[in-house]
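So the structure is just underneath, and the comments pick up after that.
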Amino acid sequence: MSYTNLKDFFSAEIAENGMPQQLADLLIGISETCKHISFEVSRGALAGVLGMAGTENVQGEDQKKLDVISNDLMVDGCARTGAVCGIASEEMDHCLTVPADMPVGPYLVCFDPLDGSSNIDINVSIGTIFSVLPGPRGADRNVTDADFLQPGSNQLAAGYVVYGPQTQMVFTLGRGVLMFTLDRESNEFVLTNATVQIPAAAKEFAINCSNMRHWENPVKRYIAELLEGKTGVRGKDFNMRWVAAMVAEVHRILNRGGIFMYPRDNRDPCKPGKLRLMYEANPMSWLVEQAGGRATNGYDRILGIQPETLHQRVAVFLGAAEEVDLVGSYHKE
Ligand code: AFP
């Protein structure tokens with residue numbers, strides 16, 4: 001069975017769908033960088049890359065060594081493509097502009113270089129999440145954080161690379177969701193699913209139930225009905241999953257359906273949620289919508305939210321449309 005590799009796929013997209021060459025260059029650059037991150041992640045203790053870096057990120061979170069290594073690789077990998085004018089990351093307080101000795105391009109890229117860091121030391125799936133936005137002034141070197149504050153509906157490309165039993169690159173250009181699997185023999189990403197669709201009916205839900213006492217009532221009601229299973233109003237049993245890495249949860253939902261939730265809770269009423277809008281919720285929401293699902297903050301479509309700060313957080317309900325709509329209806333009551 002002959003598969004298309006990433007470069008052949010982009011050549012066809014450029015020829016048949018008018019994909020800009022520089023956007024293809026950027027995504028190929030990200031794919032090459034993530035091959036390197038996959039290698040570093042797979043070496044773990046052998047490369048002395050497990051454990052804490054002894055530093056904190058802008059979120060005040062302790063950084064793992066691999067967080068810092070992955071961030072440095074992504075910054076360098078994106079800048080070298082000559083396709084970007086600004087780079088933002090969960091691991092950096094402010095965006096970076098392109099060094100004067102490097103060519104500048106028309107795109108802004110923001111990423112979570114290694115999502116699910118708490119899984120690193122226990123050998124559980126983690127991933128890189130990326131989002132590509134248009135630079136408001138094209139290839140301009142004077143980019144600031146404010147230039148990134150665009151709604152997720154402005155994204156030009158979005159996706160992730162999940163480092164699990166397989167390393168897979170999953171992304172959308174606005175014409176559906178594509179899954180590529182890294183062939184370790186050729187070291188090429190090859191197309192393994194070109195028609196990703198989320199099943200309408202869910203059988204699984206994902207939420208961190210240890211936070212149950214902190215949830216708002218609509219979430220408590222929705223989860224209670226799922227737990228009642230066939231004995232309650234839903235009339236069927238559900239299974240629960242929680243991998244503690246959004247990339248793994250979204251990957252499962254794209255492959256076999258379900259709903260993922262990280263609601264705001266009363267632990268910190270000022271915080272609208274845990275997950276970040278720009279480089280977690282927005283790219284994942286676009287993927288889910290492109291695969292026929294829904295993504296809201298409980299009330300509004302995530303892709304329609306106008307960001308106010310680069311690292312702002314948001315509540316997330318995403319996955320099977322009928323489930324996201326149901327829990328959303330409880331929020332509106
Ligand atoms: P880390 O990158 O700090 O491990 O956080 C991962 C994450 O942002 C997201 O990927 C998970 O879905 C969520 O947090 C897990 O949160 P809990 O640790 O509170 O379950």
Completion exercise
Per the filter on region 223-236, residues closer than 16 Å to residue 325 by Cα and either acidic (Asp, Glu) or touching a His at 6+ places or on another chain (Cβ under 9 Å) (or both) are 225
Exercise for the section: Would you check which residues across region 281-316 are free of Cβ contacts under 8 Å to residues at least 40 places away in the same chain and either in a loop (DSSP other than H, G, I, E, B) or among the acidic types (Asp, Glu) (or both) and list them? Expected result: 289, 297, 299, 300
Handout entry: Complete set of residues in region 9-38 that are surrounded by fewer than 14 Cβ atoms within 10 Å (Cβ to Cβ) and out of contact with any helix residue (DSSP H, G or I) (no Cβ under 7 Å at 6 or more places or on another chain)
Key = 12, 15, 16, 17, 18
Practice task
For residue 29, indicate whether it is more than 21 Å from residue 94 (Cβ to Cβ) and touching a Cys at 6+ places or on another chain (Cβ under 9 Å).
Solution key: yes
Practice task
Out of the residues in region 201-215 that are under 19 Å from the mean Cα position of the chain (by Cα) and part of a loop (DSSP other than H, G, I, E, B), state the one that is nearest to the ligand (Cβ to nearest atom).
Solution key: 208
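Listed residues 223, 198; which is closer than 17 Å to residue 316 by Cβ, touching a strand residue (DSSP E or B) at 6+ places or on another chain (Cβ under 8 Å), part of a helix (DSSP H, G or I) and modelled with pLDDT of 95 or more?
223
With the condition kept exactly as written, say whether any residue in region 49-64 is surrounded by 18 or more Cβ atoms within 10 Å (Cβ to Cβ), in contact with a helix residue (DSSP H, G or I) (Cβ under 9 Å, 6 or more places away or on another chain), not β-branched (Val, Ile, Thr) and not in a loop (DSSP other than H, G, I, E, B).
Narrowing region 49-64 to residues surrounded by 18 or more Cβ atoms within 10 Å (Cβ to Cβ): 49, 57, 63-64.
If we keep only those that are in contact with a helix residue (DSSP H, G or I) (Cβ under 9 Å, 6 or more places away or on another chain) as well, we get 49, 57, 63-64.
Subsequent filtering for residues that are not β-branched (Val, Ile, Thr) retains 57, 63-64.
Checking the rest, the ones that are also not in a loop (DSSP other than H, G, I, E, B) come to 63-64.
Yes; the residues of region 49-64 include at least one that is surrounded by 18 or more Cβ atoms within 10 Å (Cβ to Cβ), in contact with a helix residue (DSSP H, G or I) (Cβ under 9 Å, 6 or more places away or on another chain), not β-branched (Val, Ile, Thr) and not in a loop (DSSP other than H, G, I, E, B).
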Practice task
Look at residue 222 and say whether it is within 16 Å of the ligand (Cβ to nearest atom), in contact with a helix residue (DSSP H, G or I) (Cβ under 6 Å, 6 or more places away or on another chain) and aromatic (Phe, Trp, Tyr).
Solution key: no
Fill in the blank from the handout: When restricted to 170, 190, 162, the only residue among the β-branched types (Val, Ile, Thr) and surrounded by fewer than 23 Cβ atoms within 10 Å (Cβ to Cβ) is 190
Fill in the blank from the handout: When restricted to 131, 118, the only residue within 19 Å of residue 280 (Cβ to Cβ), within 17 Å of the chain's Cα centre (by Cα) and open to solvent by 30 Å² or more (accessible area, probe 1.4 Å) is 118
Practice task
Determine whether region 259-267 contains at least one residue that is within 21 Å of residue 58 (Cβ to Cβ) and under 17 Å from the mean Cα position of the chain (by Cα).
Solution key: yes
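Pick out the one residue from 43, 80 that is among the basic types (Lys, Arg) and over 16 Å from residue 163 (Cβ atoms).
80
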Handout entry: Residues (open to solvent by 10 Å² or more (accessible area, probe 1.4 Å) and among the hydrophobic types (A, V, I, L, M, F, W, C)) located in region 250-296
Key = 270, 275, 286
Practice task
Might you let me know whether region 229-237 holds any residue that is away from the ligand (no atom under 13 Å from the Cβ), open to solvent by 80 Å² or more (accessible area, probe 1.4 Å) and either among the acidic types (Asp, Glu) or in a loop (DSSP other than H, G, I, E, B) (or both)?
Solution key: yes
Problem - Residue that is nearest to the ligand (Cβ to nearest atom), among those in region 258-280 that are hydrophobic (A, V, I, L, M, F, W, C) and touching a residue at least 24 places away in the same chain (Cβ under 8 Å) - result: 275
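The values are calculated or read from the model by the stated rules, or taken from the named source; none is laboratory data. Please read all numbers here as calculations on a predicted model, not as lab measurements. Every residue, glycine among them, receives a Cβ derived from its backbone with ideal geometry; neighbour counts consider all protein chains shown. The accessibility values were calculated without ligands, DNA or RNA, using every heavy atom of the protein model including side chains. Shrake-Rupley method; radii C 1.70, N 1.55, O 1.52, S 1.80 Å.
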